[in-house]
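Since every read-out is calculated from the coordinates, none of them should be taken as a lab result. Keep in mind it's a predicted model, so treat the numbers as computed, not measured. Here the Cβ positions follow ideal geometry from the backbone for every residue, glycine too, while neighbour counts run over all protein chains shown.
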Amino acid sequence: MLQRVTHSHMLHVEGPLLTVDVGTRETQTTNVDDILESFIGGRGVATRLAHERIPFDADPLSGENSLFFTTGPMQVSTMSFTGRTNCTGVSPLTGGLLSSNAGGFVSRNLADTGYGAVEITGESDDLLAIHVSDEDVTFEEVPDLEGATVPEVTAYMADEHDLSEEHTACIGPAGENLVRFASIMTTESRAFGRGGLGAVLGAKNVKAITFQGDSRQDVEIDPIQMDVHREAATSDSLMKEQGTTNVTDLANEVEALPTRYFSELSYEGVGGINGEAVGEKKYKKGTCSSCAFACKLPTKDEERGVETEGPEYETVMAFGSNCDVDDVVDVMQSNELCDRYGMDTISCGNVVAAYLQSEGEFGNTELIFETVEKIAHREDVGDLLAEGIDRFHEELGVENWTVKGLSFAAHDGRTLNGQGLSYAVATRGADHMFTTMYTWEYPLVSNEEALSKSGLDGKPEFVVEQENARAMEDCGIVCRFARSFMTPERFEALLGEDYDDLLSIGSRVVELERHFNNQRGIDRDDDDLPYDLPEFEDALDEYYGLRGWNADGTVPDDHVADDSVAAD
Ligand code: SF4
């Protein structure tokens, strides 16, 4: 059983929980200092609050579900890699508790409200925009925004409220239409992408939330932040030119690039969609708040008039190789449509790939664009596809390429076996960010700690360590791409706590997520893959054993007893 860490000297988010009930239009503030001191911020605080406040049997698309928006203590700093915001709720795609983390700039404005966490609960009869500031909360009926796209909502906030896209989190038509993989968008092209939290907001009849204020927490952050900033600014990482697509050729070479709806593992057309192809379309620098690493990808194709941000590697897979599309401009166009309508590009691309397979239409770009539109508006076949692969695969006669209902990210576990194990056990489903195991399994020259990509020997322990580390970073909140900059020593210096204790906080977050999911009937049977891995069942036993969980993949109740105590 994990020890509870409640150290008042540890850096953590401050401020009360603000609960906004959109059904009654009432608000409440609650002192949750105990939780903030124990869980730092971000995903930890939101998970702990969700575990206590969302009924275990809540329908994700009902007023009983809540969304928790949180920042970490780093979001009041100007350190690179901290332009991130967390959102947590029960996913309509997986049925489990799910945290999603978006970049952009809204984190600073959320921090400016002075709240430790903001909970959106209930269900409104009228379409609403909610304006949260450090002075009050206002509810605005916005019938004219019904069906509005993400850029249209952003323009409305600018015109009517003099608020920039950096203050706004919103949904497009997909969220309103309860597409199960709808995202919540911020800064137009940044997404709380995976798991359909946009549909949760849509079910509440909330089109947008804005954050502003002047009550940012006053904290002292170690001078290390300046070193991190300098190193980020001077780094010669290829990510600055190509974003995550710099890995595309390598993934293709080692056969980890899903192709034609996961039926193959490398793509003959990779040259048209790889890092170089994406880099050529990048026309200016793009970043998140205060981040000198600036790995984002504003891209443009003058000839076709396509402008977007990205695609990142995951989108290159989902709308590129997995759909048999070898022209980066076509992938950019799909990316732009998903951002405009508010949908996760990974899930949407995989859904479209499944549909293309069922129709025998791989590579048909016109059909792809048309299908994305139909999904967002739930028109014709789009109504079925909007339910996600797990719910429609039988009707379409395609394989179910999901774990717990979440479709696969691009780093294929059939080649990167530790990543495969991670996909199987992750509370979020087939999500690469839960551990980023792939980064240790690719044969990278710079990766001195590289693991063999084949087999699961020794990997359950590694998965546990990485899950804990990623969960802790999500409490901070520190971007995944800070890996080579944020050493354990730096985390200790910044957060004022021993690294082992910080990891134990991460571990408790993973446990709380799984315990919540267990109460919803999710267990070992759901830690499953649509393919075989060597010694997989033994690896599962080892993973549960290392965490002290039951052999059926459930968390003993006494593990979370301390964390189930109600807050003040
Ligand atoms: S590294 Fe990239 S994604 Fe992460 S905060 Fe910086 S710009 Fe944003």
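Here residue 457 and residue 557 are evaluated by their C-beta separation; at R0 = 41 Å the FRET efficiency comes out at 0.80.
Put simply, the convex hull of the Cα atoms in region 171-326 casts, on average, a shadow of 12.5 nm². Computed from point charges on the beta carbon alone (+1 for Lys and Arg, -1 for Asp and Glu), the dipole magnitude for the chain about its Cα centre is near 720 Debye. A full extension of the chain between residue 62 and residue 253 corresponds to an added length of 64.2 nm, given 0.36 nm per residue minus the alpha carbon distance.
Of all lysines in the structure, those lying under 23 Å Cα to Cα from residue 404, and not within fewer than 8 positions of it along the same chain, are 459.
Hey, for a label at residue 215 modelled as a point 7 Å past Cα toward Cβ, could you say which residues of region 108-143 have their backbone N under 11 Å away? The answer is 112-117, 133-137, whose backbone nitrogens lie closer than 11 Å to the label point.
Only the Cβ atoms of Lys and Arg (+1) and of Asp and Glu (-1) were treated as charged; on that basis the dipole of region 163-280 about its Cα centre amounts to roughly 820 debye.
Summed over qualifying helices (DSSP H, 4 residues or more, each -39500 (n - 2.57)) and divided by its residue number, the chain shows a 222 nm mean residue ellipticity of -10500 deg cm²/dmol.
Only Cα pairs under 8 Å and at least 6 apart count here; give the relative contact order of the chain as a rounded whole percent.
Answer for the chain is 16 percent.
Of all DSSP beta bridges confined to the chain, the antiparallel ones make up roughly 80%. Here the extension length gained between residue 369 and residue 465 equals 30.5 nm, from 0.36 nm per residue of separation less the Cα-Cα distance. The aspartates and glutamates within cross-link reach of residue 453, meaning a Cα-to-Cα straight distance under 12 Å and a gap of 8 or more places when in the same chain, are 255, 412, 441. All alpha carbon pair distances within region 281-399 were sorted into 10 Å bins beginning at 0; the resulting P(r) in whole percents reads 14, 45, 28, 11, 2.
Tell me, in nm to one decimal, what length is gained between residue 140 and residue 450 on full extension, where the rule is 0.36 nm per residue of separation less the Cα-Cα distance?
Values: separation 310, 0.36 × 310 = 111.60 nm, distance 5.26 nm.
My answer for the length gained is 106.3 nm.
A Förster radius of 35 Å, combined with the Cβ-Cβ distance separating residue 546 from residue 379, puts the computed FRET efficiency at roughly 0.15. First check a/c for the chain, with a ≥ b ≥ c the square roots of the eigenvalues of its C-alpha gyration tensor; if it is under 1.5, answer rounded, and if not, answer prolate when a/b is larger than b/c or oblate otherwise. Rounded, because the longest to shortest axis ratio a/c is under 1.5.
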